[in-house]
Amino acid sequence: MQIGESVRTSYEEVKAHPLRSLLTLFGVILGTLALVVVMSVLDGVEGSVLKGLNDLGLDGVLFASRREPVDRIQKAKAHISHGLRVEDVKAFDGAEHIRAVSPVGESRAVVTTGSVTRRIDIFGVMPNYADIRSRKVSAGRWISQRDVEAVQPVVILGGKLKSQLFGQGDALGQNINIGGRRLTVVGVGTDFDMTFVDDDDARKETAGVYVPWTLFRDMFGRANAVSYMIAKASAPEKSIEAEDEATARFREAHNGIGDTRINNVGKDMIKERANIQVILRNWRIVFFAIAGVSLLIGGVGIFSVLKISISERLFEIGLRKSMGAKDSEIFLQFLIESITLSIAGAAVGLALGVGVVKAISGFFPAGLPVSAFGIMISTGFAVGVGLFAGLYPSISAARLQPVEALRS
C-alpha cells in the first residue's frame, strides 16, 4: 500500500469516528499546546529579563565611593588624602584590567518648562559615561568632550522626564530651567525595560537629566562635585581583577590611605545572570515534563484506538493478506495511521498554541515571539509518541494469519 493511501485511510478513520478521535488526540493536543505556550512565555521572560539587565548597564562596572579609613594609623593620617576627586582619573592611565574611569556628580533640583515643574535627579557626567553604563539616546546626541571643556549649558533628558515635560512633542532644541540655569535640550535618553528587573537608580535616570560634568560642578560647587566614581572592567569576566587593581590605584592616588570603598557590581551581575539561567532552565524542565506527560497520555489513547481499529478491521486485514499483501505493508499501513493521528493532534495543538501566544503577547512590552524551539520539540515529541504508540498494534496486525482474520 502506498503511503498516500495509508494517510487517506487514517483520515477516513478520523472522519468516521470524530468524537473518538478527538478524545484520543486530546492528550497530544494539550501537550503540544502547553509546550508551545510555555516555551514561548519562558523565552519571552528570559529575553525581557536579559534586556532589563542589559539596560541597567552594570556589566563589568565598579562603583567607588568615600569611606572612613578602618585602620587606626590611617585614621590619624587621613588628612594627607584629598579623597575622591576628578584628578583620580589620571591614576588609571595604563591600567591593565580597567578601560575607562569617570567621576559622577549627583544632586537634586527643580526643573521648570512652561507651566510644568518637577523635582528631579541631576547627573553630572563625562562623555565616557555612555560607554561605561551602556547609555544611548533615542533622539539627538550624547554629551561631547567639547560640552565638558566649554561648560556648555546643554542637557539630556531621561525618557520618562521628556514625556512629562513635552509629551509627544519634540524636545530637541527646547529650553528648560534647572536651578536658575537655562539649559538647551540636545538629547533624549532611551527608556529602560523594567518589567522584570526593577531598579531605583534606573528609574531615577529615566526621570532625571544628564549634564556635562563641568556644568554640574559649576552649578553645585567644586567641593561637592564628585558623588562617586565609576570604572569599567576590560571585560565582564575580569571584574575581580579590575576590583583589585582599582583598590590599589585609589590607595596609591590617596597617599596610601584606604578611604575608598569599591563596590564590584559587575561581579554581582555575573552571579545574577547565572542564577536567572538556572531558574529558567529548571522551569523549562518542569513544564516540559508536565507537557510530556500529556503527550504520553495522548500516546496511550492512540495505542488504544489503534487496537480498537484493528479489531474492527480484521476482515479487511485478512482479505488483503489473502490477496497477497505482505506483512510489511500491513505493518506500514497501521504505523502510518498512528503517526498521522499524532501529527493531526500536533497540528491542532500548534495552531491553538500559536493563537494563545499571539493573544497574550500584548502583556509583554517587547512582544512575545512564538518559540521556534517549542514548535520543533513539540512536533518531534508528538511524532515520536505516535510512532511508539503504533508499533505494537501495527506488529500485531501484521502477524495475523489470513484465515484467522477472515474467520474473526
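A few remarks follow.
- Accessible-area order (highest first, 1.4 angstrom probe) of the listed residues Leu50, Leu341, Leu23, Leu332: Leu23, Leu332, Leu50, Leu341
- With 26 Å as the limit, the listed pairs Lys307/Lys358; Lys90/Lys232; Lys162/Lys232; Lys90/Lys204; Lys90/Lys271; Lys162/Lys271 have Lys307/Lys358; Lys162/Lys232; Lys90/Lys204; Lys90/Lys271; Lys162/Lys271 beyond it between alpha carbons.
- With DNA, RNA and ligands ignored, accessible area of Tyr228 (1.4 Å probe; Å², nearest 10): 40
- A cut-off under 11 angstrom between Cβ atoms defines the neighbours of Thr113, and their net charge, with Lys, Arg +1 and Asp, Glu -1, is +3.
- Largest-first ordering by accessible area, 1.4 Å probe, given options Met323, Met376: Met323, Met376
- By accessible area with a 1.4 Å probe, ligands and nucleic acids excluded, highest first: order of Asp191, Asp147: Asp191, Asp147
- Fluctuation leader among Phe63, Phe166, Phe192 - the chain, Gaussian network, Cα springs under 10 angstrom: Phe166
- For region 231-262, backbone nitrogen atoms closer than 13 Å to the point 7 Å from Ile80 Cα along Cα-to-C-beta are found at 252-258.
- Accessible surface calculations at 1.4 Å, restricted to protein heavy atoms, place region 264-408 at 52 Å² per residue.
- For the chain, the mean projected area of the C-alpha convex hull, equal to one quarter of the hull surface, is 28.8 nm².
- Dividing the summed -39500 (n - 2.57) terms of all DSSP H runs of n ≥ 4 by the residue count of the chain sets its mean residue ellipticity at 222 nm at -18500 deg cm²/dmol.
- Within a Gaussian network of the chain (alpha carbon springs, distance under 10 Å), most fluctuating of Ser239, Ser48, Ser138: Ser138
- Paired Rg and Dmax values of region 232-362, which use every Cα atom, in angstrom: 31.5, 102
- Note on Glu252: accessible area is roughly 140 Å² with a 1.4 Å probe, heavy atoms of protein only.
- Apportionment of accessible area to carbon and sulfur, region 116-182, percent (1.4 Å): 45
- Computed over the Cα atoms of region 124-259, pair by distinct pair, the Kirkwood hydrodynamic radius stands at 16.6 angstrom.
- Rolling a 1.4 angstrom probe over region 289-394 with all protein chains present gives an accessible area of which 78% lies on carbon and sulfur atoms.
The values are calculated or read from the model by the stated rules, or taken from the named source; none is laboratory data. Computed from a prediction, not measured in an experiment: that's the story for all the values here. Using ideal geometry, Cβ is built from the backbone for each residue, glycine included, and neighbour counts are taken over all protein chains shown. Just so you know, the surface numbers come from the protein's heavy atoms only, side chains and all, with ligands and any DNA or RNA stripped out. Shrake-Rupley method; radii C 1.70, N 1.55, O 1.52, S 1.80 Å.
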